[in-house]
Amino acid sequence: MKRLTLLSMIAAPLLLNAMSITEAVQKSVTTHPQIEMKKEDHLAQKGLLGRAEAGYLPSVDLSYAVGPEVTKTIDNNRERESLTRQEASAALVQNVFAGFETEYGIKQQKALISSTQKAVQESANELALSTTTYYIEVLRTHELLNIAKDNVAVHKKYLSQIDEKVKAGVGRSSDYKQTLARYENALSIEYLAQQNYDNALSSLERIIPGVAAATDLQKPSVGNIPSNNLAELVEIAMKNNPKIHVSQADIEAASAAVKRAEAPFYPRADIKLEAYWNKNVHGISTGEPSFSPYEEDSGYNALLYLKYNIFNGFADKAIKESNQHRLLNKHSTLADARKYIQAYTEIAWQTFESTKEQLVHLDNTIKSSGETVADYEKEHELGRRSIIDLLNIELEYNSAKNRKVTAEYDRLIAYYQILAYTGKILEEMSVSVE
């Protein structure tokens, strides 16, 4: 009892300091560059909305020019004149009709803004799934490593025992060689388990720097899923998965681009208000000494400009057809996303349910195998069982423990996959994306 209390006192601070899986996901979503990239894309598209809306506003231009001009024209009787020419003007142009280009340009840009905003959620959703997967893999490989180490210790114990018997002349050399082979195999499994554990740590470190060991993490447990019915889960996934939302927004943007590409097939109408002032133009003088020797002219106008392009080398037709193909591409992307999400939701659900049943039988197997190991050890002491018999049952016991760890963590991963594919992982874990 005192030993148990001491171990509890030592372990308690470690558990308090360990990172939970929710904290890991929140940290990755908050700090990972992948999310920042998506956010910057979203801000960039928001900034371009003003450019699209500018089509509804007038443009105002002020112009001034000055410089020497040498002329010899009919207006000045072809007499050479060298003057300093000046020109100034102010013009306001308001578009009246541009073939709905501005209207669909704004729709396209708003759809792109929506797409990039949803892409932030999609990236956070995928990053959350990656984080939980790597997190769980660290815990899984650590447990498998501990089982491998225990297995090596058992083989080493039996190898030592049979070595003593062989040296004493009461054991068989073939049993020793067989035990040695199994011991070497157990060592190779341990090295592989260590490699897998180290690799899992490195993978998690890429997403969450600072995790040095499995003891830095808390083991999660299976929680609630959106539905216990596969058909309902697929339906929820089709409605909530961010990948679907991104594809739908991309289709809206592509549809608007197709409509926008039709603008050049319509006439364009603009109203232009202009005022101008010119001095020293045309090289004309009045010929009267009492007046300024240079001519000035000024004026203003208000004109309606109509422009209708008849032919431009099929460029507008090519752009329209290109946008139509982009629209078809986005529809295909959405169809592919739906198939992908449906398939992987079904796989996750099947794994989630199958491993639940596996764990019941594996627990029974481990219990029976553990009891058999204890019985074999007693029978070995009575001379009824050989060390090879002990190794055989230990192999069965060890295999059952490995299968249980694998199934247990497969179920955990499937749980988080279901949450991710249904678009619920961030909500279920109360993780915010700012």
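The values are calculated or read from the model by the stated rules, or taken from the named source; none is laboratory data. Since this is a predicted model, take the numbers as computed values, not measurements. Positions of Cβ are generated from backbone atoms using ideal geometry, with glycine treated the same way; all protein chains shown enter the neighbour counts.
Among the listed residues SER20, SER63, SER89, which satisfies the condition of being of a type in the set (S, T, N, Q) and exposed (fewer than 13 other Cβ atoms within 10 Å of the Cβ)?
None of the others qualify; the one that does is SER63.
Table: residues versus (1) at pLDDT 95 or above; (2) not in a helix (DSSP H, G or I).
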residue: ASP61; (1), (2): yes, yes
residue: TYR64; (1), (2): yes, yes
residue: GLY67; (1), (2): no, yes
residue: ASP75; (1), (2): no, yes
residue: GLU79; (1), (2): no, yes
residue: GLN86; (1), (2): no, yes
residue: LEU92; (1), (2): yes, yes
residue: LYS107; (1), (2): yes, no
residue: ILE113; (1), (2): yes, no
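Can you tell which of ALA343, ALA374 is under 30 Å from SER174 (Cα atoms), out of contact with any Leu (no Cβ under 6 Å at 6 or more places or on another chain), in a helix (DSSP H, G or I) and without any contact (Cβ under 8 Å) to a residue 12 or more places away in the chain?
Numbers: ALA343 fails: under 30 Å from SER174 (Cα atoms).
Being under 30 Å from SER174 (Cα atoms), out of contact with any Leu (no Cβ under 6 Å at 6 or more places or on another chain), in a helix (DSSP H, G or I) and without any contact (Cβ under 8 Å) to a residue 12 or more places away in the chain holds for just one of ALA343, ALA374, which is ALA374.
Give, as residue ranges, the helices (runs of 4 or more DSSP H) completely inside region 158-269 that count at least 1 residues that are within 30 Å of LYS330 (Cα to Cα) and in contact (Cβ under 8 Å) with a residue 60 or more places away in the chain.
Details: elements: 173-207, 230-240, 242-260.
Helices (runs of 4 or more DSSP H) meeting the threshold: 230-240, 242-260.
Among the candidates ALA124, ALA128, single out the residue that is within 51 Å of the chain's Cα centre (by Cα), farther than 29 Å from LYS404 by Cα, buried (at least 20 other Cβ atoms within 10 Å of the Cβ) and at pLDDT 95 or above.
Details: ALA128 fails: farther than 29 Å from LYS404 by Cα.
Matching residue, one of ALA124, ALA128: ALA124.
One line per residue, one yes/no per condition, for (1) under 30 Å from SER354 (Cα atoms); (2) over 22 Å from the mean Cα position of the chain (by Cα):
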{"site": "ASP198", "(1), (2)": "yes, yes"}
{"site": "LEU217", "(1), (2)": "yes, yes"}
{"site": "ASN224", "(1), (2)": "yes, yes"}
{"site": "ASN228", "(1), (2)": "yes, yes"}
{"site": "ALA237", "(1), (2)": "yes, no"}
{"site": "ILE244", "(1), (2)": "yes, no"}
{"site": "GLU262", "(1), (2)": "no, yes"}
{"site": "GLU274", "(1), (2)": "no, yes"}
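Return the only residue of GLU122, GLU137, GLU164, GLU143 being more than 29 Å from LEU412 (Cα to Cα) and charged (D, E, K, R).
Going through GLU122, GLU137, GLU164, GLU143 in turn, the sole match is GLU164.
With the structure loaded, tell me whether ASP198 is more than 30 Å from TRP349 (Cβ to Cβ), out of contact with any Leu (no Cβ under 8 Å at 6 or more places or on another chain) and surrounded by 15 or more Cβ atoms within 10 Å (Cβ to Cβ) or whether it fails that test.
No.
LYS317 versus (1) touching a residue at least 60 places away in the same chain (Cβ under 8 Å); (2) closer than 30 Å to ASN95 by Cβ; (3) among the basic types (Lys, Arg): which is the lone unmet condition?
For LYS317, the exception is condition (1).
Which condition does ILE106 not pass, out of (1) within 29 Å of ILE271 (Cβ to Cβ); (2) touching a strand residue (DSSP E or B) at 6+ places or on another chain (Cβ under 9 Å); (3) of a type outside the set (Asp, Glu), if it passes all the others?
(2)
Test ASP336 against the stated conditions and say whether it is in a helix (DSSP H, G or I), surrounded by 15 or more Cβ atoms within 10 Å (Cβ to Cβ) and either of a type in the set (A, V, I, L, M, F, W, C) or modelled with pLDDT of 90 or more (or both).
no
Report the residue count in region 396-434 for those that are over 30 Å from GLN26 (Cα atoms) and free of Cβ contacts under 8 Å to residues at least 40 places away in the same chain.
Here the count works out to 4.
Using the structure shown, decide if SER386 is small (Gly, Ala, Ser), surrounded by 14 or more Cβ atoms within 10 Å (Cβ to Cβ) and more than 30 Å from GLU101 (Cβ to Cβ). Steps first, answer last, please.
Values: small (Gly, Ala, Ser): yes; surrounded by 14 or more Cβ atoms within 10 Å (Cβ to Cβ): yes; more than 30 Å from GLU101 (Cβ to Cβ): yes.
Yes: the conditions hold for SER386.
Would you point out the residue of region 377-422, among those that are part of a loop (DSSP other than H, G, I, E, B) and at pLDDT below 95, that is nearest to LYS149 (Cα to Cα)? Walk me through how you get there before you give the answer.
Let us first name the residues in region 377-422 that are part of a loop (DSSP other than H, G, I, E, B), namely 382-386, 422.
Add one more test, that the residue is at pLDDT below 95, and what stays is 382-386.
Values: LEU382: 28, GLY383: 28, ARG384: 28, ARG385: 24, SER386: 23 Å.
Applying the filter and picking the extreme gives SER386.
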